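Input: a single structure, listed below in structure tokens.
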Amino acid sequence: MARPGFVLEVDERTPPLLVHEGEGFRVQKFPLGSRVIYPPDSLPGIKDVTGAIRQALLNPSNSEPLTELMKPGMRLTIAFDDISIPLPPMQTPDIRGRIIEQVLEVAARRGVDDVKLVVANSLHRRMTASEIKRAVGERVFRSFWPNDLANHDAEDPAALAYVGQTDRGEDVEVNRRAAESDLLVYVNVNLVAMDGGHKSVPVGLGSYKSLRHHHTVHTMLNSRSYMDPTHSALHDSCARMGRLLASNGLRIFTIETTLNNETFPKPFGFMNKREWEWSLADQGTYLAAKRANDKSPPRIRREVFQRIASPYGVTGIHAGETEAVHAQTMVNVHRQQLVEVDGQSDVMVVGLPYICPYNVNSIMNPILVQCLGLGYFFNLYRNKPVVRPGGAMILFHPVPWEFHQVHHPSYVDFFEEVLSETNDPAQIEAKFEQQYATDPWYIHLYRNSYAYHGVHPFYMWYWGAHAMDYLGDVIFVGADRKAVRRMGFRTASNFADALEMAEETVGRSPRITYLHAPPLALAEVR
Amino acid sequence: MAGSLLDEVREVARGWRWTRRPLVPRSAERWQEDHEPHEFPTSWARTAAAKAVREGILRFGFRPLVWNETEPAVEGVDNLESVRPPVIFVANHASHVDTPLFLCSLPKTWRERTAVAAAADYFFDVWWRAATTALVFNTFPIERSGGKRATLTARRLLEEGWNLLVFPEGTRSKDGWVGRWRHGAARLATEHGVPLIPVAIRGTYAAMPRGRSWPRKGRMPVSVRFGRALWPGDGEDFGSVSRRVQQELARLWDEDATNWYASLRRDAEGRTPSLAGPQAAGWRRMWASSRPLPRRGRGKVWR
């Protein structure tokens with residue numbers, strides 16, 4: 001029986017706690033009385049994954065079994081989540097590949113010839129052939145690549161279909177092949193509560209024309225939080241779009257999966273454990289790994305981290321109609337990540353790891369660090385943020401002034417041109433978004449190279465809008481001062497200094513809460 | 001910025017209390033897993049090399065030390081002549097001096113084939129204590145809380161022909177008298193068909209009670225008295241075996257305090273003093289148990 005998550009109160013018995021800081025980690029002493037949010041223990045994974053997939057396809061929720069939905073002569077499209085989830089990437093065989101194989105076996109048995117596979121990469125960079133092969137498996141890749149297995153292209157007018165407008169006037173434009181299929185099977189990996197449901201198709205297969213309605217500063221400020229779809233303007237908008245697609249006759253068969261918290265493989269297994277339960281071997285491994293990591297050249301360090309593949313177990317596989325499936329998925333996500341937290345604190349502390357959804361096999365540039373910290377980590381709550389209004393957030397990350405020139409070209413310009421003028425998300429949105437979103441060079445790089453869309457850094461900045469609006473102070477520990485200042489935040493050389501700096505905002509005896517992640521926890525703040 | 005390796009090692013050593021018992025933060029105690037604890041490996045302590053080192057430490061370190069700091073009298077070793085290993089020695093326990101005193105009282109051939117059951121939560125909580133006691137006393141961990149795995153190693157050792165020393169009280173006596181008696185040793189003997197040898201250890205509470213790390217001054221008399229081997233009867237349950245051992249141990253105490261024949265007479269009449277001590281106020285019980293044993297030998301010639 002996996003133990004539930006809980007909130008630790010630091011006392012004199014508490015050892016220093018593991019804190020991630022980009023491509024590095026440390027153990028850090030916390031002041032007595034600080035609270036630490038630990039996620040539930042990793043749930044046991046399903047032993048017979050193949051059997052569970054078969055069961056899900058045979059007994060879907062609110063839908064006929066997949067076999068009955070397939071018939072000869074039909075147009076079948078299988079879309080699947082891109083490289084942005086799970087994080088870190090899971091050890092092979094990837095669950096997407098395992099599911100797609102079984103879907104294709106049904107299709108083959110039912111005599112379906114017209115099958116296309118689409119990576120639902122939205123405005124993310126295209127996945128490379130090897131990345132796609134890793135996700136779908138060799139057998140699928142060999143059978144379909146490159147003609148019938150491709151990345152979604154949100155800037156190819158011929159490959160997009162305008163479906164219509166929602167009752168709130170939101171344009172819905174999605175992948176033409178998907179929209180015109182007799183059946184769209186969507187294969188998802190639901191790492192956090194934000195993923196899945198109606199967010200899969202309208203966003204994953206959508207275009208800028210659609211995304212501009214919900215990837216906005218307004219929706220971000222009205223999503224409390226976007227990790228709680230029931231209180232998220234972002235998800236409301238996605239749901240309206242998803243329902244419009246359904247009402248227009250698009251048959252979507254959703255298959256969602258959830259993973260456990262086995263985030264780090266050996267030798268980094270100690271990162272999955274609660275510190276006071278570290279064995280002598282764990283302590284030795286920590287020392288050796290930290291020493292080796294600190295002494296390695298940055299290039300090697302990045303290489304080692306980016307090669308981490310998580311030994312995730314699958315905790316649930318559900319198939320059928322999108323909303324019915326997603327309800328079951330959310331139960332599984334909460335079972336693995338939800339932790340009850342009693343009251344808010346004055347200071348929230350997070351250690352940002354080396355990876356976020358947008359730097360797999362890439363570099364986490366300062367904007368992505370901001371997005372991970374003030375976006376994802378800050379929003380890992382339900383009901384109320386972990387920190388009180390006007391409180392301070394302390395983030396551990398070196399924030400190097402470094403960009404991947406192929407993956408993030410528009411980020412470079414955003415950082416240099418936009419942030420040097422203003423940090424205000426609303427101003428940025430009003431003044432610069434359109435220009436970047438329609439820039440032909442960025443569109444060319446998005447379509448033909450492996451670049452994120454020109455508008456993507458804006459979305460990353462909006463992702464942190466709620467936190468920027470809510471917090472009184474944001475302090476990065478051990479970060480590049482220039483990069484942090486450019487983003488409008490402050491830097492401290494160590495944790496003690498950061499706490500002292502935070503005193504200006506929260507007083508001398510602040511209540512401190514450290515969100516101990518990854519593995520991920522979702523705080524239910526009462 | 002990374003500190004020196006030494007700083008990092010120090011930080012971890014301090015944080016995880018390398019030299020002391022690891023602690024669980026109070027607010028985390030209720031969430032601790034009730035898992036089967038990892039057992040510290042001790043098989044290396046029974047290799048030829050470890051045996052040789054142990055023999056050296058016991059013979060040239062502990063024996064002179066214990067015999068110098070206390071005045072031991074060892075009786076009943078001849079009872080061992082009638083049995084062959086493996087056996088289970090069952091002794092009362094009042095002091096840290098009991099184990100070295102017992103081991104140094106054994107003939108070498110028995111000593112080098114005897115392993116000592118030690119509380120896993122006390123002697124095997126930190127690596128250095130576990131390694132030291134395993135090497136010096138040939139200890140192996142035993143879970144005081146019981147459970148399936150509590151006696152796994154003990155069973156394996158018996159199967160390999162090792163004698164065991166078990167203190168059925170599971171801990172040192174708080175007042176010098178025998179406390180709660182557990183039946184694990186009798187159960188092992190019953191299941192494996194090996195004899196139990198009761199061993200009465202007297203005077204060690206007076207010499208070095210709980211809380212002391214060195215014997216009191218003045219070479220306090222202590223005694224180790226081996227009893228006869230008790231075999232579990234056919235179909236006899238371990239509870240009955242355990243009671244017989246307790247009874248024999250009580251008689252051995254009495255024998256040590258008086259003489260063999262008198263103890264037999266009192267045993268026959270059911271008047272053997274209880275191991276649990278007198279039913280009296282706590283201070284009186286402790287007063288009685290902390291009274292040094294009378295010195296043996298000739299006594300002073302000149303009065």
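Some notes on this structure:
- Helices (runs of 4 or more DSSP H) (entirely within region A:214-317) containing at least 2 residues that are charged (D, E, K, R) and within 14 Å of another protein chain (Cβ to nearest Cβ): A:280-295
- Spans of helices (runs of 4 or more DSSP H) in region B:1-116 with at least 1 residues acidic (Asp, Glu) and more than 14 Å from chain A (Cβ to nearest Cβ): B:48-57, B:63-69, B:98-105
- Among the residues of region A:265-291, those identified as in contact (Cβ under 8 Å) with a residue 60 or more places away in the chain and buried (at least 18 other Cβ atoms within 10 Å of the Cβ) are A:Phe270, A:Met271, A:Asn272, A:Arg274, A:Glu275, A:Trp276, A:Trp278, A:Tyr286, A:Lys290.
- Hey, A:Val27 outside the structural domain of A:Val203 (by TED's automatic domain parsing) and in a strand (DSSP E or B) or not: yes
- There is no residue in region A:76-92 that is surrounded by fewer than 20 Cβ atoms within 10 Å (Cβ to Cβ), in contact (Cβ under 8 Å) with a residue 60 or more places away in the chain and assigned to a strand (DSSP E or B).
- Test for A:Val7: is it more than 30 Å from A:Leu104 (Cβ to Cβ), under 22 Å from the mean Cα position of the chain (by Cα), among the aliphatic types (A, V, I, L, M) and within 14 Å of chain B (Cβ to nearest Cβ): no
- Of all residues in region A:58-74, those that are under 13 Å from A:Thr322 (Cα atoms) have Cβ atoms under 7 Å from Cβ atoms of residues that are part of a loop (DSSP other than H, G, I, E, B), 6 or more apart or on another chain, in A:Ser61/A:Glu321; A:Asn62/A:Glu321; A:Ser63/A:Glu321.
- Every listed requirement among (1) of a type outside the set (Ser, Thr, Tyr); (2) farther than 22 Å from B:Ser95 by Cα; (3) over 16 Å from the mean Cα position of the chain (by Cα) is met by B:Pro292 save one, (2).
- Answer residue from region B:242-284, given it is among the aromatic types (Phe, Trp, Tyr) and surrounded by 13 or more Cβ atoms within 10 Å (Cβ to Cβ) and is farthest from B:Ala94 (Cα to Cα) among those: B:Trp260
- When each of A:Ser310, A:Ser345 is tested for being modelled with pLDDT of 95 or more, among the small types (Gly, Ala, Ser) and in contact with an Asp or Glu (Cβ under 8 Å, 6 or more places away or on another chain), the lone residue that passes is A:Ser310.
- Scanning region A:509-519 turns up no residue that is surrounded by fewer than 18 Cβ atoms within 10 Å (Cβ to Cβ) and either among the hydrophobic types (A, V, I, L, M, F, W, C) or on the phi > 0 side of the Ramachandran plot (or both).
- Count of region A:211-241 residues, restricted to those that are touching a strand residue (DSSP E or B) at 6+ places or on another chain (Cβ under 8 Å) and among the aliphatic types (A, V, I, L, M), is 4.
The values are calculated or read from the model by the stated rules, or taken from the named source; none is laboratory data. The structure presented is a predicted model; accordingly, all values stated were derived computationally and were not measured. Neighbour counts are summed over all protein chains in view; Cβ atoms, including those assigned to glycine, are modelled from backbone coordinates with ideal geometry.
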